[in-house]
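In what follows, a single structure is set out as structure tokens and then discussed.
We did not get these values from a lab; they are worked out from the coordinates using the rules stated. Nothing here was measured: the structure is a model prediction, and the numbers come from that model. Glycine gets a Cβ as well: all are built from the backbone with ideal geometry, and neighbour counts include every protein chain shown.
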Amino acid sequence: SSSGKQGVIYQRLPMKPVNRLLDTKYYGTRSHDSPVAVVPPVVHIQGFQIKKTTRVTVRLVNYKSKPMRTHIVAPSSPYFGINNEHKKVRLVAGISEDIEIEFTPTEWRYYYDCIRIQIEGVENILIPIH
């Protein structure tokens, strides 16, 4: 005998892995009183070609009189990558660290991502890429 009720099937969706570095930290653009400079502060990639890799370099400069520990968190999209992904860098006073960004587009459209820099004792920095 049929009761007329239809069964409900619940599908369990896969859980996104927790990334404590991204989920628990606040990131902002560099303020004027920050001891770390990002050159350029915003990355604009122009003149790219479909399915060809374009490389751009960003420089972190430590203006503080003592070394600082940093942690570089790579962009999350598959179109952008960096040469020092999830790299912990000791930024010596007065010295810079170059981050090479690789961009490989698959079609003509707008692309956006960012690099996150965690700096010990200083506000974390967000570097927009588009």
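Computed quantities for the displayed model
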read-out: Label point distance in nm, Tyr110-Ile50, each placed 7 Å from Cα along Cα→Cβ; value: 2.0 nm
read-out: Approximate shape of region 83-130 as ellipsoid semi-axes (Cα gyration tensor, √5λ), whole Å, largest first; value: 26, 13, 9
read-out: Potential lengthening between Ser76 and Val61 on full extension [0.36 nm per residue; Cα-Cα distance subtracted]; value: 3.0 nm
